[in-house]
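**Student:** Dropping the structure in here first, questions after.
The values are calculated or read from the model by the stated rules, or taken from the named source; none is laboratory data. These figures come from a predicted structure and were not determined experimentally. Backbone-built Cβ (ideal geometry, glycine too); neighbour counts: all protein chains shown.
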Amino acid sequence: MDKALELIKQLGQSDDYFERQKAAWALVKIGDSSVDVVAEALEKGEFSDLRYKSAWILGKIGCPRAVEPLSRALLSDPDHVVREWCAAALEAVGSQEGAPALVLAMKRDSSKDVRLRAAVALRNLKASKALQELLSYSDPEIRGLAVTGLAKIGHRDCLNEVARLLQDEDAEVRRRSAAYMAEFACDEALKSLERALQDSEPMVQIEALKALGRIKGEKACDVALRALQDEDSQVRYTAVTALGEIGQCKAVDTLVEIMFGQDEEEIRAWAAWSLGEIGDVRAVEHLRKAYRTCPMEVMKKAKDSLVEVFKVEL
């Protein structure tokens, strides 16, 4: 205990950065027996540098006894940097008992950095129940963070709840909900993404198409093909690239039409890229023609597909 007190004093008073770092690591090495001393420094330290470093030390030690002081500091310290370090330390300790304080920090903290760090901590703690409860919270930022956290965990049990959020009033929540569906290659997810492609916001449609590119399969291809007629060029562009990622041969004829069509040159070029990604030999003849006759950007992508995928010598 005396050694820990001496090191805390050094950590709080030394003007030498390396000396402070050495003291911090020494406290980590002492381990559980230094927790009470470090926790007191976290709660009563005059300077924020000492308090945030104390949070870091408690996280490194990883003792469950640190959860309570870290939780209190997360919810009450006047410095947002200290609060952010407390959220990170609660994650490092790895106890689900830290989840309630992290939820409150997400709901109440005035600093976006702290709210984001608390959300990441909940995700990495796999606190699925806490995140699921946040899906209905009044603040759209919190709903969106909860959706992303559940997606990262791979929590499929709330798929229906997230599907309902595709009708949320906030476009960012809807976008994150579409991204969530990419984690689950099932009929329910595909039906949700099909609905998301009818969204009024292009960013939601784009996210849905990216999700289809990750899910793959014939059904995903059918849904993505329908987005090629969208009035928004970024949606059409994403549909073209998603079809390449999905890799279904049934998209070849449509992509050939786009490559030689009247759409924007960039979209036509990426149709040539997607033909290469699909890898169907029926595309070789059309890519050769595109290399000879199409505008520069299309020609370059056609060449890349011919040389890199089909090993054609030009």
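**Student:** Give segment 157-187 a look and list any residue that's within 17 Å of R214 (Cα to Cα) and surrounded by fewer than 16 Cβ atoms within 10 Å (Cβ to Cβ), or say none.
**Tutor:** Within segment 157-187, A185, C186, D187 qualify.
**Student:** Got at least one residue in segment 151-163 being hydrophobic (A, V, I, L, M, F, W, C), outside any helix (DSSP H, G or I), outside the structural domain of E46 (by TED's automatic domain parsing) and over 17 Å from the mean Cα position of the chain (by Cα)?
**Tutor:** Scanning segment 151-163, I find no residue that is hydrophobic (A, V, I, L, M, F, W, C), outside any helix (DSSP H, G or I), outside the structural domain of E46 (by TED's automatic domain parsing) and over 17 Å from the mean Cα position of the chain (by Cα), so the answer is no.
**Student:** Which ones in segment 44-59 are surrounded by 15 or more Cβ atoms within 10 Å (Cβ to Cβ) and in a helix (DSSP H, G or I)?
**Tutor:** Taking segment 44-59 and keeping what is surrounded by 15 or more Cβ atoms within 10 Å (Cβ to Cβ), we get 45, 48-59.
Of everything in segment 44-59, those that are surrounded by 15 or more Cβ atoms within 10 Å (Cβ to Cβ) and in a helix (DSSP H, G or I) turn out to be S48, D49, L50, R51, Y52, K53, S54, A55, W56, I57, L58, G59.
**Student:** For a quick check of your reading: which helices (runs of 4 or more DSSP H) sit entirely within segment 259-314 and have at least 1 residues that are free of Cβ contacts under 8 Å to residues at least 24 places away in the same chain and surrounded by fewer than 20 Cβ atoms within 10 Å (Cβ to Cβ)? Steps first, answer last, please.
**Tutor:** Numbers: elements: 265-278, 283-293, 296-304.
Counting at least 1 such residues, we get 283-293, 296-304.
**Student:** What tally of residues in segment 1-32 results from selecting those that are part of a loop (DSSP other than H, G, I, E, B) and either among the charged types (D, E, K, R) or under 35 Å from the mean Cα position of the chain (by Cα) (or both)?
**Tutor:** Looking only at segment 1-32, we keep the residues that are part of a loop (DSSP other than H, G, I, E, B), and these are 1, 14-16.
If we keep only those that are either among the charged types (D, E, K, R) or under 35 Å from the mean Cα position of the chain (by Cα) (or both) as well, we get 15-16.
Residues flagged as part of a loop (DSSP other than H, G, I, E, B) and either among the charged types (D, E, K, R) or under 35 Å from the mean Cα position of the chain (by Cα) (or both) within segment 1-32 amount to 2.
**Student:** So S111 ticks every box in (1) farther than 26 Å from A178 by Cα; (2) under 20 Å from the mean Cα position of the chain (by Cα); (3) crowded, with 21+ Cβ neighbours inside 10 Å but one. Which box is left unticked?
**Tutor:** If we test S111 against (1) farther than 26 Å from A178 by Cα; (2) under 20 Å from the mean Cα position of the chain (by Cα); (3) crowded, with 21+ Cβ neighbours inside 10 Å, just (3) comes out false.
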